[in-house]
Each structure stands twice: as C-alpha cells, then as structure tokens.
Amino acid sequence: MSLSEIKNKREVSMASKEHNQIVRMLIQIGKSLGFDSAGRTMGKLYNLASADCVWYYPEKFDSKSKSIFAYFARQDKYDKIPLVAFEVAYSEKEKNLRGSLASLQILGASVSIIVLAGKSMDYESYLKELIKKFALNRVIILDEKKVREWHTKIVNGKFI
C-alpha cells in the first residue's frame, strides 16, 4: 500500500468517525426534546431514502393524538410520520450532496436539514443554489457548530 493510499484511508476513517459523532448528537438532541429519534437503523421504514437521523412525532402524545398520527402514517404503509430529517455531509462533494438532497425530498419530512461539516463546508454556496433550484419542501443548511451548540444546551443542559 502506498503512502497516499494510507493517508486517504486515514482521512476516510476520520471523516466516518466525525460523521457518526454528529449523527449520534442529533439523535440525542431529538430524544432530549421528546421526539422518537432514530438513525439509519430504520429497517424498512422509508427504505428509498434513509436519512442519517429522523425525528418522528413525539411518543409522549396522548393516545388520541398518537392514533391520528398513526393513521396518517399508515396511509403510506409506515408506522411513523417524519417531522425533521437530517443528512450529515462531512466529506461529500457535489454529486453526494445532490443525493443527500434527493433523499430528504423522498422522505418528505416537514423540515429537512443538511448539516455541513469537514470538507463539505466548502460546498455551502453550491448547496444553496441546488436547494433554490430543486428543493420541493423546506431545506435548511446548518453547520456542525450549531449541532454542537444544540447538544451542549439541550442534552448537557449547559445554557451558554
């Protein structure tokens, strides 16, 4: 294995660790807010577009509200309705960012968020243009600093 291959392998490994850490934080934030929060381990749920993290309607709804939301979800043959969906882009470039946007559009959550981190931060202006041209629903761009801030405030209870 060449030196450049070893370096590339390390960069991919680091990007994966950072990506997974951001996803874990989003799941923890969602749970702290009372949402049914899940990562890619959603099984068959929305298998055409498995976002990195999805916040579903809160499990703490009263039984009447829960039954209505379950009814709505069953219309699409699912158990839950996605309220907020996240795609985390750490080392993605144009092509993968288009895929992230497409996944969020297919999922159809009320709010879709792409979190830019690492090398993907360089593509914010490209992503803004892409969203203007192709987004069918609300898509917000955040950076990893905002996720870390939310995590500190909401999960750790340290209001800055």
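The values are calculated or read from the model by the stated rules, or taken from the named source; none is laboratory data. Keep in mind that what you see is a predicted model, and the values were worked out from it rather than measured. Virtual Cβ from ideal backbone geometry, glycine too; neighbours counted across all protein chains shown.
The test for being surrounded by 18 or more Cβ atoms within 10 Å (Cβ to Cβ) and touching a helix residue (DSSP H, G or I) at 6+ places or on another chain (Cβ under 9 Å) does not hold for residue 91.
To keep it simple, each residue is scored yes or no on (1) under 13 Å from the mean Cα position of the chain (by Cα); (2) assigned to a loop (DSSP other than H, G, I, E, B); (3) closer than 20 Å to residue 35 by Cβ.
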| residue | (1), (2), (3) |
| --- | --- |
| 95 | no, no, no |
| 100 | yes, no, no |
| 104 | yes, no, yes |
| 115 | yes, no, yes |
| 127 | no, no, no |
| 131 | no, no, no |
| 136 | no, yes, no |
| 141 | yes, no, no |
| 147 | yes, no, yes |
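Taken over the range 130-144, residues that are among the charged types (D, E, K, R) and surrounded by 11 or more Cβ atoms within 10 Å (Cβ to Cβ) amount to 3. Pairs are defined by a Cβ separation below 9 Å, a sequence spacing of at least 6 or placement on different chains, a first member in the range 132-150 that is over 20 Å from residue 110 (Cβ atoms), and a second member that is in a loop (DSSP other than H, G, I, E, B) and not acidic (Asp, Glu); the pairs so defined are 143/117; 144/90; 144/117; 145/117; 149/160.
When you check residue 109 against the structure, is it part of a loop (DSSP other than H, G, I, E, B), surrounded by 12 or more Cβ atoms within 10 Å (Cβ to Cβ), modelled with pLDDT of 85 or more and out of contact with any helix residue (DSSP H, G or I) (no Cβ under 9 Å at 6 or more places or on another chain), yes or no? For residue 109, the condition - part of a loop (DSSP other than H, G, I, E, B), surrounded by 12 or more Cβ atoms within 10 Å (Cβ to Cβ), modelled with pLDDT of 85 or more and out of contact with any helix residue (DSSP H, G or I) (no Cβ under 9 Å at 6 or more places or on another chain) - is met. Only a single criterion out of (1) closer than 21 Å to residue 24 by Cα; (2) modelled with pLDDT of 95 or more; (3) out of contact with any Phe, Trp or Tyr (no Cβ under 9 Å at 6 or more places or on another chain); (4) surrounded by 14 or more Cβ atoms within 10 Å (Cβ to Cβ) is not satisfied by residue 154, namely (2).
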